[in-house]
Every structure is written in structure tokens, then in C-alpha cells.
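Asks: Once you've had a glance at the structure underneath, I'll fire off some questions.
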Amino acid sequence: MKKITKILFIALFITGVSTEAYAQKEKKEKKEKDVKTLVKPDAVGHSATDDYVNASFNLYEKNQEITKTLANPTDNVNDLGSIKSDLETQSKEAAQLLGKSSDVLTEAKSITPKTNSLKAVKAVNEATKALNETQKAIPGQLEQIKNQESK
């Protein structure tokens with residue numbers, strides 16, 4: 001009877017450990033998916049769409065560089081003021097570009113042939129997604145700056 005009880009406890013222990021390890025692996029994979037960076041789509045040949053996409057992704061990439069800079073606080077101690085100013089400017093630019101998004105999307109939908117229109121709409125949607133990611137990141141980055149300044 002003692003042998004059976006020991007075997008059951010060992011089996012339960014192994015099951016519990018493997019289940020916990022699997023759950024942690026899933027959490028890690030989900031976080032890695034969330035961190036996925038956006039890729040700038042190719043030019044579509046429509047100037048308003050291409051300009052919107054270029055401006056949006058330039059802003060997004062600039063913001064991603066700030067994220068990398070803020071990740072290493074010892075390297076950016078002297079630059080916090082300029083980074084903060086840059087983030088405030090980025091916030092305004094993102095708001096302006098997002099305000100134009102519906103107009104650019106409407107223009108993209110009217111492009112002929114339809115295959116080019118679909119490509120343009122997809123590019124505008126990706127650019128808008130990049131702008132939204134930029135806007136979401138800015139408050140956290142400003143908080144990081146505030147915390148680094150207080151140290």
C-alpha cells in the first residue's frame with residue numbers, strides 16, 4: 001500500500017511540474033508574439049498613400065529606437081530632456097497622421113485597378129497600426145523617463 005501511495009504521489013508531482021512548465025512556455029511564446037515589430041509595406045505607386053505610409057513608419061521606427069535607448073538607462077542619462085521633447089513631438093505627429101488616415105484610406109479605395117487599391121488599403125492599414133502602436137508606447141516611455149530622472 002505504501003508503494004502504491006508513493007507511486008501516486010510521484011506521478012502527481014511529475015504531472016504538476018510538467019503542466020506548470022507547459023503553461024510557462026505558452027506565456028513566454030505569447031509575450032514573444034506581442035513584441036513582434038511591424039514591417040513597412042512596399043510602395044504602392046500612389047503618392048498620397050506612399051507618403052502616409054512612409055511618414056507613419058518613419059515615426060514608428062524612430063519610436064522603436066527610443067524604446068531601445070530607454071532600455072539601457074546608463075547610456076541615456078544626459079539625453080532624457082531631448083528624448084522627452086522628441087516623444088512629445090512624436091505624439092503630435094501621430095495624432096496628425098491618424099487624423100489623415102480616413103482621407104488617405106478613402107483615396108486608396110478609389111485607386112484603379114482594384115488589385116492596386118487592395119494593396120494600397122493594406123498599406124494604409126499597416127501604417128495606421130504602426131501609428132497606434134507608437135501612440136500606445138509613448139505614455140510608457142514618458143513614465144520611464146520620469147522614473148530615470150528621479151533616480
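Asks: What number of residues in region 12-60 are in a loop (DSSP other than H, G, I, E, B) and at pLDDT 65 or above?
Replies: Within region 12-60, residues that are in a loop (DSSP other than H, G, I, E, B) and at pLDDT 65 or above number 11.
Asks: Here is a follow-up. State whether the residues of region 41-60 include one that is within 25 Å of LYS146 (Cα to Cα), acidic (Asp, Glu) and without any contact (Cβ under 8 Å) to a residue 40 or more places away in the chain.
Replies: Within region 41-60 (the criterion being within 25 Å of LYS146 (Cα to Cα), acidic (Asp, Glu) and without any contact (Cβ under 8 Å) to a residue 40 or more places away in the chain), the answer is no, since none of the residues qualifies.
Asks: Also: Could you tell me which of the residues LYS92, LYS84, LYS114, LYS122 is touching a residue at least 24 places away in the same chain (Cβ under 8 Å), surrounded by fewer than 18 Cβ atoms within 10 Å (Cβ to Cβ) and under 29 Å from GLY45 (Cα atoms)?
Replies: Only one candidate qualifies: LYS122.
Asks: Within region 125-136, which residues are surrounded by fewer than 19 Cβ atoms within 10 Å (Cβ to Cβ) and touching a residue at least 60 places away in the same chain (Cβ under 8 Å)?
Replies: GLU126, LYS129, GLU133
Asks: Residue check: is LYS119 in contact with an Asp or Glu (Cβ under 9 Å, 6 or more places away or on another chain), at negative phi and in a helix (DSSP H, G or I)?
Replies: yes
The values are calculated or read from the model by the stated rules, or taken from the named source; none is laboratory data. Treat the numbers as computed from the prediction; the structure is a model and nothing was measured. Positions of Cβ are backbone-derived with ideal geometry, glycine not excepted, and every protein chain shown enters the neighbour counts.
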